[in-house]
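> My questions all concern the structure below.
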Amino acid sequence: MKNRLWLTLVGGMVLVMLTTMSTTGALWRNEATVDAGTVTTGSLVLLVGGQSSPYTFTALSAGNLTPGQAVRAPLTVGNGGSTDMTYGLTSVTATAVTPADQKLAAALLLTVTMDEVCGQAPSQGVVLLDRVPVNPSATFAGSPLAPSSSETLCIEVALNANAPITAAAGTTSVTFTFRGDQES
């Protein structure tokens, strides 16, 4: 009987200890709503000659250009978007079909300066390209443009003073390709 009482007493104490230890846990829960605000995107719009579509640069046309002569015209490059951007000239190509056209295209030299004054005399602005051949490697990286801002480039195409006489019957049209990239 003494063993039985002793076993009952120990069993009761173990039961009390297990009961009090297992009921001390708690679970807490709460919720809150956070307004994340509005997420918007900017727009990137490169304007050449005031247009976002292909622009025909008729001001740079020249007829009867003789060796050593040049034609100059201003070209405005602008940011019509809502985010800062950097623009650049990525390629220049000349259309040349006949052998005379090819000789003429090969004898053209391109100069590009940042200058609003673009008249009969050579530009005095910051030089971006200086008498380089008119070909796809005639490129430059431009400067940053804030939204709604623009800058004027003076584009000059000259006929090399050493142009061959076979270029005299040639005609060509030149295409300038610009690119605008969002500033990071």
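The values are calculated or read from the model by the stated rules, or taken from the named source; none is laboratory data. Here the structure is a predicted model, which is why all the values come from computation and not from measurement. Positions of Cβ are backbone-derived with ideal geometry, glycine not excepted, and every protein chain shown enters the neighbour counts.
Yes/no per residue for (1) modelled with pLDDT under 90; (2) in contact with a Lys or Arg (Cβ under 9 Å, 6 or more places away or on another chain):
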residue: 90; (1), (2): no, yes
residue: 100; (1), (2): no, no
residue: 105; (1), (2): no, no
residue: 122; (1), (2): yes, yes
residue: 138; (1), (2): no, no
residue: 150; (1), (2): no, no
residue: 164; (1), (2): no, yes
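> Report whether or not residue 115 is under 26 Å from residue 179 (Cα atoms), touching a Gly at 6+ places or on another chain (Cβ under 6 Å) and buried (at least 17 other Cβ atoms within 10 Å of the Cβ).
On the way: under 26 Å from residue 179 (Cα atoms): yes; touching a Gly at 6+ places or on another chain (Cβ under 6 Å): yes; buried (at least 17 other Cβ atoms within 10 Å of the Cβ): yes.
Criteria met by residue 115.
Matching residues to (1) small (Gly, Ala, Ser); (2) closer than 30 Å to residue 143 by Cβ:
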residue	(1), (2)
61	yes, yes
64	no, no
67	no, no
74	no, yes
82	yes, yes
91	yes, yes
99	no, no
105	yes, yes
108	no, yes
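> Go through segment 122-163 and tell me which strands (runs of 3 or more DSSP E), entirely inside it, have 1 or more residues that are of a type in the set (A, V, I, L, M, F, W, C) and touching a helix residue (DSSP H, G or I) at 6+ places or on another chain (Cβ under 9 Å).
On the way: elements: 126-133, 140-145, 150-159.
Where strands (runs of 3 or more DSSP E) fall fully within segment 122-163 and carry at least 1 residues being of a type in the set (A, V, I, L, M, F, W, C) and touching a helix residue (DSSP H, G or I) at 6+ places or on another chain (Cβ under 9 Å), they are 150-159.
> Name the single residue, out of those in segment 23-67 being of a type in the set (A, V, I, L, M, F, W, C) and loosely packed, with under 10 Cβ neighbours inside 10 Å, that is nearest to residue 105 (Cα to Cα). Walk me through it before giving the result.
First pass over segment 23-67, keeping only residues of a type in the set (A, V, I, L, M, F, W, C): 26-28, 32, 34, 36, 39, 44-48, 57, 59-60, 62, 65.
Then drop every residue that is not loosely packed, with under 10 Cβ neighbours inside 10 Å, which leaves 26-28, 32, 34, 36, 39.
Details: 26: 85, 27: 82, 28: 80, 32: 70, 34: 64, 36: 58, 39: 50 Å.
Applying the filter and picking the extreme gives 39.
> Ok, one more. How many of the residues making up segment 84-94 are over 24 Å from residue 70 (Cβ atoms) and surrounded by fewer than 15 Cβ atoms within 10 Å (Cβ to Cβ)?
So the count comes out to 0.
> With the checklist (1) buried (at least 16 other Cβ atoms within 10 Å of the Cβ); (2) under 36 Å from the mean Cα position of the chain (by Cα); (3) at pLDDT 90 or above; (4) not in a strand (DSSP E or B) in hand, flag the one item residue 78 doesn't pass.
For residue 78, the exception is condition (4).
> Looking at 161, 100, 138, which one is touching a strand residue (DSSP E or B) at 6+ places or on another chain (Cβ under 7 Å) and of a type in the set (Gly, Ala, Ser)? Before the answer, list the steps.
On the way: 161 fails: touching a strand residue (DSSP E or B) at 6+ places or on another chain (Cβ under 7 Å); 100 fails: touching a strand residue (DSSP E or B) at 6+ places or on another chain (Cβ under 7 Å).
Unique residue meeting the criteria: 138.
> Something else now. Go through (1) touching a residue at least 12 places away in the same chain (Cβ under 8 Å); (2) surrounded by fewer than 19 Cβ atoms within 10 Å (Cβ to Cβ); (3) farther than 12 Å from residue 155 by Cβ one by one and return the number of the condition residue 97 breaks.
Here residue 97 clears every test but (1).
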